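J.: Quick one: structure below, then a few questions.
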Amino acid sequence: MEVEKQLIKLIGDFTGRLPEEYIGEYISLAKHNECAVALENLCTQLYEHDVVPAPGELITIRELAEEMNLEEDTWHFLRHSNS
């Protein structure tokens, strides 16, 4: 699965946990070849809204960031849940 599709799925997985306008905005960014911006913004808003990604979501975030050659500080501040 290409980065864009993986990212869009990941963003969609946070529906109901982040405000809907963010979800739509980040999906739009990803669809318009702004995947790095979408992922950075997603991570920031997850932190700001105290949304704790599930372990699998955190792995996906890390893998996408690495694939896009983003710095670790893009996502490393996120905590994962123990559930």
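J.: I'm told D13 meets every condition in (1) out of contact with any His (no Cβ under 8 Å at 6 or more places or on another chain); (2) of a type outside the set (A, V, I, L, M); (3) open to solvent by less than 70 Å² (accessible area, probe 1.4 Å); (4) free of Cβ contacts under 8 Å to residues at least 40 places away in the same chain except one. Can you identify the failing condition by its number?
T.: Of the numbered conditions (1) out of contact with any His (no Cβ under 8 Å at 6 or more places or on another chain); (2) of a type outside the set (A, V, I, L, M); (3) open to solvent by less than 70 Å² (accessible area, probe 1.4 Å); (4) free of Cβ contacts under 8 Å to residues at least 40 places away in the same chain, the odd one out for D13 is (4).
J.: For the range 63-83, give me the residue count where each residue is of a type in the set (A, V, I, L, M, F, W, C) and open to solvent by less than 30 Å² (accessible area, probe 1.4 Å).
T.: Residues in the range 63-83 being of a type in the set (A, V, I, L, M, F, W, C) and open to solvent by less than 30 Å² (accessible area, probe 1.4 Å): 3 in total.
J.: Taking into account only those residues within the range 17-62 that are among the acidic types (D, E) and in contact (Cβ under 8 Å) with a residue 24 or more places away in the chain, which is least open to solvent (accessible area, probe 1.4 Å)?
T.: E57
The values are calculated or read from the model by the stated rules, or taken from the named source; none is laboratory data. Predicted, not measured: the structure shown is a model, and the values here were computed from it. Every residue, glycine as well, gets a Cβ built from its backbone with ideal geometry; the counts of neighbours run over all protein chains shown. For accessibility, only protein heavy atoms count, side chains too; no ligands or nucleic acids. Shrake-Rupley method; radii C 1.70, N 1.55, O 1.52, S 1.80 Å.
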